[in-house]
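**Student:** Sharing a structure, written as structure tokens. Questions coming.
Values quoted throughout were computed directly from the atomic coordinates according to the rules given, and no laboratory measurement underlies them. In this text the structure is predicted, and so the values were computed from the model without any measurement. Every residue, glycine as well, gets a Cβ built from its backbone with ideal geometry; the counts of neighbours run over all protein chains shown.
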């Protein structure tokens, strides 16, 4: 089969700039929506995977396998675990066992002097910790200030947590400035800034980061102070670095201490279950993107149909010159696919510039959209598929006519 020259299809793209712009624009919209939905799913998956470590064991209350916030453990669980299980990781003589409280509380940035008081308290995730927490969460690093002092009304803030309250954090800066949306109040956020947590003022003593994890959108405070603030005597969970111990050792501990009413799992398994819990949301995002992109796809198909249908005489002439209908169809598919893939590449550039890393809040904190190779490949595949399928109706319209009827146009 003798094919038409490749540059013949490319030159035809410029014959109608308006139609080319419409086809490319429709492909850009479709690809951008597909890319955004994949970036959402990939970002959530990567954030949960990076938060839970394979080397950590997580003890939570029985029946709370999918929500550590609902979990309750006796306050003595961490000490009993450290004394009962041999082989747990030890750093500088300290056993890497971290009791923690996870709770969502309303928080608001305290206004500066002379500024109007803000009333729109936003829910934020607070984690009560002891110094051992840094042994089991190596993803966390302090970038400014210090960690909260024992018994003090102090908190450490992450960039995502500050953003939830309307602030903006600069890595390593001693002061952080931002503008609260919806209040018209300039709020300075930095070391010493006051944050009202459930009506109680706390000073920001330090800024920390945990890039790519759910902890990047949390506030941390001392465990005893958070327990006092929430009036609870129990803990949400205990995180232990396994070291030379096995998860079976932790399971045996929970089985022998029925009074603790706890279960053990790998921290990575817990966050994998959270990913399964959010699977319907990821599906909803993808379905919504597909439904919205259908409009752009139909616009591109209509433009391609109009562009090809007006070239019936040209197609008839090519057949009269000896080119087969299959060769002409291949040329038209190439023309359509090149236009749509160009739109996909434009969508990828827009996504890298505007979507990559954008924070999305969810119940466990926040995660960033991940415009990675998978998302980009999905967008390009969507554009290529649109180019092939969009050309089919137009090709059928052009090639169904006999040569004499096509030449009469």
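**Student:** So for the chain: antiparallel DSSP bridges make up what percent, rounded to the nearest 5?
**Tutor:** Close to 85 percent.
**Student:** Next up: For the chain, take the longest principal axis of its alpha carbons; what is the angle in degrees between that and the long axis of helix 279-309, to the nearest 10 within 0 to 90?
**Tutor:** Helix 279-309 and the main axis of the chain meet at about 20 degrees.
**Student:** Next up: Taking every Cα atom in the chain, find the radius of gyration and the maximum pairwise distance Dmax, and write them in Å.
**Tutor:** Cα only, the chain: 29.2, 93 Å (Rg, Dmax).
**Student:** What nm value, rounded to one decimal, do you get for the distance between residue 284 and residue 92 when each label is placed 7 Å out toward the C-beta?
**Tutor:** Taking the simple label geometry, residue 284 and residue 92 are separated by 4.5 nm.
**Student:** Oh, and also: Top mean-square fluctuation among 55, 230, 193, Gaussian network model of the chain, C-alpha springs under 10 Å?
**Tutor:** 230
**Student:** So, one more: Given 0.36 nm per residue, what is the gain on full extension from residue 396 to residue 372 after removing their alpha carbon distance, in nm?
**Tutor:** Full extension of this stretch gives 4.9 nm more.
**Student:** What are the radius of gyration and Dmax of segment 5-137, computed over its Cα atoms and given in Å?
**Tutor:** 26.7, 79
**Student:** Additional query: Normalising by the residue count of the chain, find the relative contact order in percent from Cα pairs under 8 Å and 6+ residues apart.
**Tutor:** Normalised by residue count, the contact order of the chain is 30 percent.
**Student:** Something else now. Per the helix-only calculation at 222 nm, which mean residue ellipticity applies to the chain, given -39500 (n - 2.57) for every DSSP H run of n ≥ 4 and division by its residues, nearest 500 deg cm²/dmol?
**Tutor:** -15500 deg cm²/dmol
**Student:** Testing the spin-label approximation: label points 7 Å from Cα along Cα→Cβ at residue 121 and residue 317. State their distance in nm.
**Tutor:** 7.6
**Student:** Something else now. Between residue 149 and residue 350, what is 0.36 nm times their sequence separation minus the Cα-Cα distance? Round to one decimal in nm.
**Tutor:** Using 0.36 nm per residue and subtracting the Cα-Cα distance, I get 67.9 nm.
**Student:** So if each residue of separation counts as 0.36 nm, and I subtract the Cα-Cα distance between residue 358 and residue 277, what length gain in nm does that give?
**Tutor:** 27.0 nm
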